[in-house]
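See structure below.
We did not get these values from a lab; they are worked out from the coordinates using the rules stated. This is a predicted model, so every value here is computed, not measured. For neighbour counting, all protein chains shown are included, and Cβ atoms are generated from backbone atoms with ideal geometry for every residue, glycine included.
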Amino acid sequence: MWFDIHPNSPVSICEQIVAQVIFNVASGGLEVGSLIPSVRELGARLTVHPNTVAKAYQELERMGVLTVRRGRGMEVAPDALKLCQAERRNRIRQRIREALHEAISSGLPRDEVRRLVEEELANHGNGRRRERHQE
């Protein structure tokens, strides 16, 4: 499992971890039953405080994405795929809503907004951008 954490982002590191686990599960990169790194291991890999990782894992457990397996650690929960696909859709829809609101309220005509969206989709090829992966 990989993470691409941006310490200077306005999004907290905890939320970045949560979002990346959700997106990885939703895209099939993390399968149901997969063990995830321990709090200490991931904290060391990402050079973040273990409490930050623990807080992210607790949120993912509360959401039903992760579950504790006694003696084994945390793993992707049985219903995680469906939950994460829905959550990914909700998060992306919210970001699109915010961008559309900004574009329309700035006075851009709807046709121009559509053209910009189409251009950006074309720039991303098959819909997947290349990401820097950090172990």
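By how many nm would the segment from GLU120 to HIS6 lengthen if fully extended, with 0.36 nm per residue of separation less the alpha-carbon distance?
38.8 nm
Using helices alone, I'd like the mean residue ellipticity at 222 nm for the chain: each DSSP H run of four-plus residues gives -39500 (n - 2.57), total over residue count, nearest 500.
Mean residue ellipticity at 222 nm (helix-derived): -18500 deg cm²/dmol.
Using 0.36 nm times the number of residues separating ALA44 and ARG69, minus their current alpha carbon distance, what extension gain do you get?
6.8 nm
Between [x] 67, 31, 26; [y] 36, 26, 26; [z] 58, 31, 26, which entry matches Cα extents along the principal axes in Å as derived from the coordinates of this structure?
Of the labelled values, this structure produces [z].
Under a 10 Å cutoff between Cα atoms, tell me which one of GLU112, GLU61, GLU41 has the largest fluctuation in the Gaussian network model of the chain.
GLU112
Using a simple spin-label model with points 7 Å from Cα along the Cα→Cβ vector, what separation in nm is obtained for ASP111 and ARG95?
Going from the ASP111 label point to the ARG95 one covers 2.9 nm.
On a 0 to 90° scale, report how tilted helix 80-105 is relative to the longest principal axis of the chain, with both axes built from alpha carbons and the result rounded to the nearest 10.
30 degrees
If you place +1 on the Cβ of every Lys and Arg, -1 on the Cβ of every Asp and Glu, and leave all else neutral, what size is the dipole of the chain about its Cα centre, to the nearest 20 Debye?
So the dipole magnitude of the chain works out to roughly 280 debye.
What percent do you get for the relative contact order of the chain when only Cα pairs under 8 Å and 6+ apart count?
28 percent.
Each label point is 7 Å from the Cα along the Cα-to-Cβ direction; what then is the distance between the points at SER34 and ALA54, in nm?
2.5 nm
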